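K.L.:
One structure, as structure tokens, below. Some questions next.
Here, each number is a calculation from the coordinates, and none is a lab measurement. Keep in mind it's a predicted model, so treat the numbers as computed, not measured. Here Cβ is always computed from backbone atoms with ideal geometry, including for glycine, and neighbour counts include all displayed protein chains.
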Amino acid sequence: MNPTPLAGSTAIVTGAGRGIGAACVLALADAGADIALVARSTDELEAVAAQVRALGRQAWVCPCDITDAAQVREVVNSLERVDVLVNNAGTDKPTPFLDVTPELLEELLAVNVKGTFYMSQEVARRTIAANGSASIVNMSSQLGLVGSGYETAYCAAKFGVEGLTKSMAVELGPKGIRVNGVAPTVVETPRTAVALANESLRQMIIGKIPLGRLATPEDVAAAVVFLASPAAGMITGITVPVDGGWTAQ
């Protein structure tokens, strides 16, 4: 098996400064890719970029608000090539349905759906103009596959990502662009650490996962690298649940 299936390629990863995004960056770099790291926090991006360079890959720090189409266009056009796009940036604020405000709904839709849409659109435009090929991997969620109380806004956004993934795959496949998704269960990251410190909540979640453990960022990154690589060359329009069997029940 080729240990560096992405050698010579350039990947964009959004939400690259921490957690799942940082794990995706390092896994893609380990597979041979040079990385453009996108997020709003430059300090976090610089720290991850240093690790990429330590692996012998190039790393570009690209501060960007992905909900701003003009900023997205500027980032994509600043790169010499784009072979892989990982739309990892996302946000969630669990809230009872009746308490979801227009502002909260807009925030979740903007980051999870609009940001994914804008970034994918610019990469697709560039790929088609160059008569090239690309792989796009969208970060969905198990809550893009099943519903959950207190997560109506987030589910709406991630179900939107699911529809976007399938529709893009159908339309862009003839243009040489594959589009797939990854749907993680609850992942142990700095973002989830506070909630998971509640042992009863932690055990309740683990009890819903047949494999009996939470996911790690590296679990998710491994699926992303596979879908981005030539090994998945005949795969498009699907979502891989990295959920330990949660959604199989």
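K.L.:
So how do 78-87, 123-132 stack up, highest first, on mean other-Cβ count within 10 Å?
P.N.:
Sorting 78-87, 123-132 by mean packing, highest first, produces 78-87, 123-132.
K.L.:
Give the total of Lys-Lys pairs in region 10-244 with Cα-Cα distances below 16 Å; include a pair only if its members are 8 or more places apart or on different chains.
P.N.:
The number of close lysine pairs in region 10-244 is 5.
K.L.:
If r is the Cβ-Cβ distance from ALA54 to LEU98 and R0 is 45 Å, what FRET efficiency results, to the nearest 0.05?
P.N.:
Step by step, r from the Cβ atoms, then E = 0.35.
K.L.:
So what's the net charge close to GLN58: Lys and Arg +1, Asp and Glu -1, counting the other residues with Cβ under 11 Å from its Cβ?
P.N.:
That works out to 0.
K.L.:
Now for a different question. Counting Lys and Arg as +1 and Asp and Glu as -1, each charge on the Cβ, what is the dipole of region 1-87 about the Cα centre in debye, to the nearest 20?
P.N.:
Its charge dipole is roughly 140 debye.
K.L.:
Something else now. Divide by every residue of the chain the summed helix terms, -39500 (n - 2.57) for each DSSP H run of at least 4, and state the resulting mean residue ellipticity at 222 nm, rounded to the nearest 500 deg cm²/dmol.
P.N.:
-12500 deg cm²/dmol
K.L.:
I've got another one for you. Positive end of the charge dipole of the chain (Lys, Arg +1 and Asp, Glu -1 on Cβ, about the Cα centre): tell me which of LEU55, ALA16, ASN198 has its Cα farthest that way.
P.N.:
Of the listed residues, the answer is LEU55.
K.L.:
Only four residue types carry charge here, +1 at the Cβ of Lys and Arg and -1 at the Cβ of Asp and Glu. Report the dipole size of the chain about the Cα centre in Debye, rounded to the nearest 20.
P.N.:
520 debye
K.L.:
If you work out Kirkwood radius over Cα pairs in Å from the coordinates, which of [x] 19.2; [y] 19.7; [z] 18.1 do you get?
P.N.:
Here Kirkwood radius over Cα pairs in Å agrees with entry [z].
K.L.:
Oh, and also: How long is the gain from ARG213 to ASP43 if the chain were fully straight, where each residue apart is worth 0.36 nm and the alpha carbon distance is subtracted?
P.N.:
Taking ARG213 through ASP43 to full extension adds about 58.0 nm, to one decimal.
K.L.:
Then there is this: With a point put 7 Å past each Cα toward its Cβ, work out how far ASN2 is from ALA195 in nm, to one decimal.
P.N.:
My value for the distance between the label points is 3.8 nm.
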